[in-house]
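These notes are about the structure you will find just below.
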Amino acid sequence: MLRRNIRLRREYLYRKSLEGKERLLYEKKRKIREALEEGKPIPTELRNEEATLRQEIDLEDDYTAIPKSHIDDEYANATERDPKILLTTSRDPSAPLVQFVKELKFVFPNAERMNRGNQVISEIIESCRAHDFTDVILVHEHRGVPDGLIISHLPFGPTAYFGLLNVVTRHDIKDKKAIGKMPEAYPHLIHDNFGTKLGERTANILKHLFPVPKPDTKRIVTFANQSDYISFRHHIYEKHGGPKSVELKEIGPRFELRLYQIKLGTMDQSEAQIEWVIRPYMNTTKKRNFIGVDQKDDKRKH
Amino acid sequence: MATSIEAAVESLREIKSKEPPMWLVPKQELSQAVRAASKHLFSSLKPHSPKSPFDQLLIEGFDAEQIWQQIDLQSQPLLYTLRREVKKFEKNPEEISKLKEAIEGGKKKKVVEEKGTDDIDDDDDDDDDLDMDDDDDYDDDEEEEEKKERGREEESEREGEEMELEGEEKGGIEDKFLKIKELQEYLEEDEAKEYGLKKNKKTKTETKKKEEDTEEEEEGEDEEEEEEEDDDNDEAEEEEDELGLFDGDDEDDEDSLENARYEDFFGTKKNKGPKEKAKSRDRFEGDSGSDDEQDFDKRKDGLSTHEEELKKLQSKIEQMEKANLDPKVWTMRGEVTAAQRQKNSALEVDLDFEHNVRPAPVITEEVTASLEDLIKTRISEGLFDDVQKSRSLSSKAPRETKELDDNKSKKGLAEVYEEEFVQKTDPAAAPLSFSDELKKEASMLFKKLCLKLDALSHFHFTPKPVVEDMSIQTNVPALAMEEIAPMAVSDAAMLAPEEVFAGKGDIKEEAELTRSERKRRRANKKRKFKAEAAKRLAKKPRETTQVDSNEGKENE
């Protein structure tokens, strides 16, 4: 097990090191392909290698055509299996936090909740790897109000750190009848306004927490981005009067996520490379949108 | 009048003699008696109260309330005058003696008094008018009454003094409104206020009282806007009243006026006694007269204005220097951590700094509605961002499944062992196994196909590939006909001589050759070799027929 992990890690590093060359090759192939399609002469610097590259172009399919980076590699095999999630909290959670984590367990299908006790993070990650979990989610709090969410993808995957704001839990809404039961079908996902590369990455991370749904499920989970604050909403819809009329009923907790860090290792690897971290002290942060594109007709602007 | 007085007295006595319980029950005769008595009293008092509108008390047909009103009308002003007189006598007991003299002497004083009262009455009229106006506000009334009374009292006092000093001529400047002495005193009082003169304790308390009164008076004066004359007069009276106390001092210090020194004018010592200062000030009261406001300004604590200003500046400078020497307040110190300032001191200061982060979004109804709209559109279009299942490349090759053949093995057991042995010793020579055969067959088929395709598509002919096959080829004729020959004849014998040896000419062995022939053979050999070498270098297609000639020569 240990040796297998070491070997996997070495492979991963090797592939990461090859990335530069692969990218070059990809670029060259792309140029040749363009030249061929448009009927233009092939650029002169590629004339020598043109033959071999042409051959390769002919032989490639859509899997091999795209250069894979080590980043995408993390989710390469994710689509083959359903994700398996472990939910846990920081140490000594308060009762509201425990309730919130219970709710989250129903939001993510195929999720398991575990008491934290006094386990160390590295222990948790080890045991999860051994039991073939794909993701670990840690929830933090401040005086009963959940305020932090850490999503770690397991084999070596990225760890995304979010801050939670404006949390409304199902338990807050006391009326049981109004809320109703939470269905456990695999939900459809909606991502809105994840335009930039970082946004795509975040959307990817959040997407792979859910399995492939059936096409006719009534459950919808929405991640909508507005000026770097991602809103999480959970609805059930019904189409009463024909295809165009849609009635939404909100169930489940609602909160705003705010991404502040993405690391390229798991949670226990503290020395892992940081892919992106929020920099609030920069002079232009106020003007920039890191995750999505700024909406012009913004109703949420304050 | 005397008779009326007597009658009044008598009726009063009569009333007094009645028993108290008698008063509890209203009786006609008692009331009549009382009314008569009051009428007498009224008429007796009439000469002393010039302002009363009634000559006598009207009793018939009036009820108690109205009678009371009449009495009141008369008695109020009377009371004022009486109070005033009493106070005057309180202060100046000499007056009483004078009064006595006057009374004894004749009616002169009385006349003067009456005159004085007339004068006073002129003023009183005005005051009383105003007084009538303010009947509603009883408190104000009281204040005003006090003030009026005091005013009148002061006025009368002053006028009394003036009557005493009737002989003195004040000059053309002074008249009813402008009194030089009042002016002086007012100025001094003002000065005192400005420069913070320390007065004697005794004077202090009294002045305090006076100040309160003056405040009241001033308040009352503010209310009155009609009578400015009265204001002036009243103010003058206040000041006079306040500073009237210094009159005593004045007389004492008149002697030391001649022994004035520089220090008295411009005191070098800063802590001069207040009394001395007062004295020095008062000394000049007489001298200064009306035109020395500046002198008043100069004298305060013995310092001049300039010196005072300098003193103030000095103190300011000292303060600023002290502030500069002290360590700065933490707000002025640049970057300050929590350890370098007091606890909770940042809470008191109104800090203002730019937030470079967008504030968290407030989730309003609009926001929720917009989100839900978005979701609805997506649902109706069916556009979801679900996880797509991707077809995965099989990374492992398909395992070779060994087919189990039910048929009986065609090879005998000995053959099986033979194959195994051969495989172990010489794997290349071993006959191919089953799976290999399939592969071989496949590859053979493919090669054939490729050959045909190449032949079709290429300009250069590619001959069949040579398949090296190891097989024993016996030198047998192509057509092997059965020959009917006896058994004893061997195969070698069966061959024709040409088949045994194909060659022509005279064949000689090396030993049989002559020397020249040997040389000839060697030369031929050399030639052949050279030709071949040249051919190899040139790589030209064979044109010559040298080979034939060589071949021919070789046979020899």
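A few remarks follow.
- Count of residues meeting criterion [at the interface with another protein chain (Cβ under 8 Å from one of its Cβ atoms), surrounded by 10 or more Cβ atoms within 10 Å (Cβ to Cβ) and modelled with pLDDT of 65 or more] in segment B:385-416: 5
Quick grid of which residues meet (1) loosely packed, with under 10 Cβ neighbours inside 10 Å; (2) in contact with a Phe, Trp or Tyr (Cβ under 9 Å, 6 or more places away or on another chain); (3) among the charged types (D, E, K, R); (4) within 14 Å of another protein chain (Cβ to nearest Cβ):
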residue: B:THR305; (1), (2), (3), (4): no, no, no, no
residue: B:GLN319; (1), (2), (3), (4): no, no, no, no
residue: B:LYS322; (1), (2), (3), (4): yes, no, yes, no
residue: B:GLY334; (1), (2), (3), (4): yes, no, no, no
residue: B:GLN342; (1), (2), (3), (4): yes, yes, no, no
residue: B:PHE353; (1), (2), (3), (4): yes, no, no, yes
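- Subset of segment A:106-133 [out of contact with any helix residue (DSSP H, G or I) (no Cβ under 9 Å at 6 or more places or on another chain), outside any loop (DSSP other than H, G, I, E, B) and buried (at least 16 other Cβ atoms within 10 Å of the Cβ)]: A:PHE106, A:VAL107, A:ILE121, A:ILE124, A:ILE125, A:CYS128
- Some residue of segment A:191-200 being at pLDDT below 95, under 25 Å from A:PHE290 (Cβ atoms) and among the aliphatic types (A, V, I, L, M): yes
- Checklist (1) open to solvent by 40 Å² or more (accessible area, probe 1.4 Å); (2) modelled with pLDDT of 70 or more applied to B:LYS107, failing item: (2)
- Screening the candidates B:ALA502, B:ALA511 for the property of being out of contact with any helix residue (DSSP H, G or I) (no Cβ under 9 Å at 6 or more places or on another chain), modelled with pLDDT of 75 or more and outside any loop (DSSP other than H, G, I, E, B) yields one hit, B:ALA511.
- A count restricted to segment B:28-39 and to residues that are farther than 14 Å from B:TRP68 by Cα and open to solvent by less than 90 Å² (accessible area, probe 1.4 Å) stands at 2.
- With respect to the conditions (1) buried (at least 16 other Cβ atoms within 10 Å of the Cβ); (2) modelled with pLDDT of 90 or more; (3) in contact with a strand residue (DSSP E or B) (Cβ under 7 Å, 6 or more places away or on another chain), A:ASN204 lacks only one, and its number is (3).
- Output for segment B:54-72, where each listed residue is more than 19 Å from B:ALA33 (Cα to Cα) and at pLDDT below 85: B:PHE54, B:ASP55
- Residue, farthest from the other protein chains (Cβ to nearest Cβ), within segment A:258-288, restricted to residues that are in contact (Cβ under 8 Å) with a residue 24 or more places away in the chain and β-branched (Val, Ile, Thr): A:THR266
- Any hit, segment A:65-86, residues being closer than 30 Å to A:GLU250 by Cα, open to solvent by 60 Å² or more (accessible area, probe 1.4 Å) and assigned to a helix (DSSP H, G or I): no
- B:LYS91 meets all of the listed conditions (1) under 24 Å from B:SER11 (Cα atoms); (2) at pLDDT 75 or above but one, namely (1).
- Filtered by the rule that a residue be facing another protein chain (nearest Cβ under 7 Å) and either part of a helix (DSSP H, G or I) or open to solvent by less than 40 Å² (accessible area, probe 1.4 Å) (or both), segment B:370-384 gives B:SER370, B:LEU371, B:GLU372, B:LEU374, B:ILE375, B:LYS376, B:ARG378, B:ILE379, B:SER380.
- The single condition from (1) open to solvent by 60 Å² or more (accessible area, probe 1.4 Å); (2) within 14 Å of chain B (Cβ to nearest Cβ) that A:ARG54 fails is (2).
- Among residues of segment A:83-100 that are closer than 17 Å to A:VAL136 by Cα and without any contact (Cβ under 8 Å) to a residue 60 or more places away in the chain, those with a beta-carbon under 6 Å from a residue that is open to solvent by 60 Å² or more (accessible area, probe 1.4 Å) and in a loop (DSSP other than H, G, I, E, B) at least six positions away or on a different chain give the pairs A:LYS84/A:ASN110.
- Number of residues in segment A:269-302 that are modelled with pLDDT of 90 or more, within 30 Å of A:ASN5 (Cβ to Cβ) and open to solvent by less than 50 Å² (accessible area, probe 1.4 Å): the value is 2.
- When B:LYS51 is tested against (1) modelled with pLDDT of 75 or more; (2) touching an Asp or Glu at 6+ places or on another chain (Cβ under 8 Å); (3) basic (Lys, Arg), only condition (1) is not met.
The values are calculated or read from the model by the stated rules, or taken from the named source; none is laboratory data. Remember, predicted model here, so these are calculated numbers, not experimental data. Methodologically, a virtual Cβ is constructed for each residue, glycine included, from the backbone with ideal geometry; neighbour enumeration extends over all protein chains shown. To get the accessible areas, we keep the full protein, side chains included, count just its heavy atoms, and leave off ligands, DNA and RNA. Shrake-Rupley method; radii C 1.70, N 1.55, O 1.52, S 1.80 Å.
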